[in-house]
Amino acid sequence: MIMTKPVCIITGVGPGTGSALARRFSLGGYHVALLARSEKRIPKLQAELPDASAHICDVTQEGQVNETVAKIARDFGPPTVAVHNAVGGAFGNFLEVDPAILETNFKVNTMGLLYLARAVAPSMIDAKKGAIIGTGNTSAYRGVESFAAFAPTKAAERILLESIARHLGPKGVHVSFLMIDAVINVPWARKMYHDKPEDFFADPAAIADEIWHITHQPRSAWSFNYELRPYAEKW
């Protein structure tokens with residue numbers, strides 16, 4: 001039975017931004033569809049939220065993305081918002097990295113976005129409304145030496161989003177790229193940067209609030225390139 005709540009699809013639901021997004025959109029009255037590759041990540045979050053569904057989906061597989069989005073639409077209604085938060089990353093310069101890792105990251109970061117956008121766009125075009133958001137970081141704008149297997153894929157993701165935005169904007173669908181210039185406050189990052197003060201980190205809940213804002217911008221004031229960073233971040 002299709003529900004009457006708007007539907008938000010979130011890929012890459014982990015302990016940081018993905019979970020914070022799920023909580024924020026659930027609080028805002030959405031049915032939240034949680035997508036992750038690992039079945040260990042999302043059942044607990046699904047149980048925590050009043051209206052959420054967990055879906056095991058590898059965004060690098062077009063068939064899985066299509067089947068998952070179709071199931072969500074049948075069970076809960078067509079998506080109003082889709083956030084591509086899934087990310088593949090690795091460290092190393094171009095001589096050190098395994099080329100296969102670059103290819104894998106491209107499949108997650110860029111091809112995953114393409115599959116998701118193609119799956120959700122038709123119903124948004126029909127409705128003449130909706131929002132598709134991609135999350136990224138400064139790697140989308142610069143090729144840091146040790147990000148040789150990561151930065152090219154995030155840059156491609158941003159450019160793909162811009163292409164999608166130019167196509168869907170006139171049809172009433174808002175598309176935006178969120179650049180997070182920060183280390184997000186999650187357990188592994190706190191352990192890695194154990195000597196850093198609290199204001200070094202970006203709060204996932206604050207990031208989620210900004211994505212909520214972007215998806216609900218009035219049509220007369222849409223943004224595409226949107227930047228976030230802690231006040232103490234050097235840039």
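Every read-out reported here was derived from the displayed coordinates using simple, explicitly stated rules and does not represent laboratory data. Keep in mind the model is a prediction, meaning the values are calculated, not measured. We place every Cβ from the backbone using ideal geometry, glycine too, and count neighbours over all the protein chains shown.
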Report summary line: Placing +1 on each Lys and Arg Cβ and -1 on each Asp and Glu Cβ in the stretch 7-225, then taking the dipole about the Cα centre, the residue among Ile56, Ser146, Val183 whose Cα reaches farthest towards the positive end is Ile56
Query raised in the report: By counting other Cβ atoms within 10 Å of each Cβ, how are Thr17, Thr138, Thr215, Thr4 ranked from fewest to most?
Result: Thr4, Thr138, Thr215, Thr17
Query raised in the report: Quick one: Karplus J couplings for the stretch 181-197, per residue in order, coefficients 6.51, -1.76, 1.60, θ = phi - 60°, nearest Hz, x for Gly and Pro?
Result: 8, 5, 9, 7, 6, 10, x, 5, 6, 4, 5, 5, 10, 5, 8, 8, x
Requested in this report: Kindly work out what percent of the DSSP beta bridges joining two residues of the stretch 7-225 are antiparallel, to the nearest 5.
Outcome: 0
Requested in this report: Let me know the charge dipole size of the chain about its Cα centre in debye, to the nearest 20, where only the beta-carbon of Lys, Arg (+1) and Asp, Glu (-1) is charged.
Outcome: 560
Query raised in the report: With contacts defined as alpha carbon pairs under 8 Å and 6 or more residues apart, what's the relative contact order of the stretch 7-225 in percent?
Result: 20
**Report entry** Over the chain: helical MRE at 222 nm, DSSP H runs n ≥ 4 each giving -39500 (n - 2.57), nearest 500
**Finding:** -12000 deg cm²/dmol
Requested in this report: Using label points projected 7 Å from each Cα along Cα→Cβ, tell me how many nm separate Asp181 and Ile56, to one decimal.
Outcome: 4.1
Report summary line: Out of Ala90, Ala151, Ala165, a Gaussian network model of the chain with alpha-carbon springs under 10 Å gives the largest mean-square fluctuation to Ala90
Requested in this report: Output ³J(HN,Hα) for the stretch 163-175: one whole-Hz value per residue in order, computed from phi by the Karplus curve 6.51 cos²θ - 1.76 cosθ + 1.60 with θ = phi - 60°, and x for Gly and Pro.
Outcome: 4, 5, 4, 5, 7, 8, x, x, 8, x, 9, 8, 10
Query raised in the report: If the limit is 31 Å between Cα atoms, which of Lys107/Lys128; Lys107/Lys196; Lys5/Lys196; Lys129/Lys154; Lys154/Lys234; Lys40/Lys234 go over it?
Result: Lys107/Lys196; Lys5/Lys196; Lys40/Lys234
Report summary line: Taking the dipole of the chain about the Cα centre (Lys, Arg +1; Asp, Glu -1; charges at Cβ), the one of Pro6, Ile132, Gly88 that reaches farthest to the positive side is Pro6
Requested in this report: Given the options Ala73, Ala205, Ala221, state which has the largest fluctuation in a GNM of the chain using a 10 Å cut-off (strictly under) for Cα springs.
Outcome: Ala221
Query raised in the report: Under a point spin-label approximation (7 Å from Cα along Cα-to-Cβ), what is the Glu103-Leu27 distance to one decimal in nm?
Result: 4.3
Report summary line: Of the candidates Phe224, Ser38, Val108, the farthest towards the positive dipole end of the chain (Lys/Arg Cβ +1, Asp/Glu Cβ -1, centred on the Cα centre) is Phe224
Query raised in the report: Where in the stretch 23-93 are there trypsin sites (Lys or Arg not before Pro) that are in a DSSP coil and have at most 15 other Cβ atoms within 10 angstrom of their Cβ?
Result: Lys40
**Report entry** Part-to-part distance (alpha-carbon centres) for the stretch 213-234 and the stretch 61-88, which is given in Å
**Finding:** 24
Query raised in the report: Which residue fluctuates the most in the chain, going by a Gaussian network model with Cα springs under 10 Å, if the choices are Gly130, Gly12, Gly29?
Result: Gly29
Query - Where labels lie 7 Å past Cα in the beta-carbon direction, separation of Asp75 and Leu95 in nm - result: 5.0
Requested in this report: Using a cut-off of under 18 Å, list every residue of the stretch 51-66 whose amide N is near the label point 7 Å from the Cα of Lys40 along the Cα-to-beta-carbon line.
Outcome: 55-58
Report summary line: Here the FRET efficiency for Tyr193 versus Trp235, based on Cβ atoms and R0 = 25 Å and rounded to 0.05, is 0.90
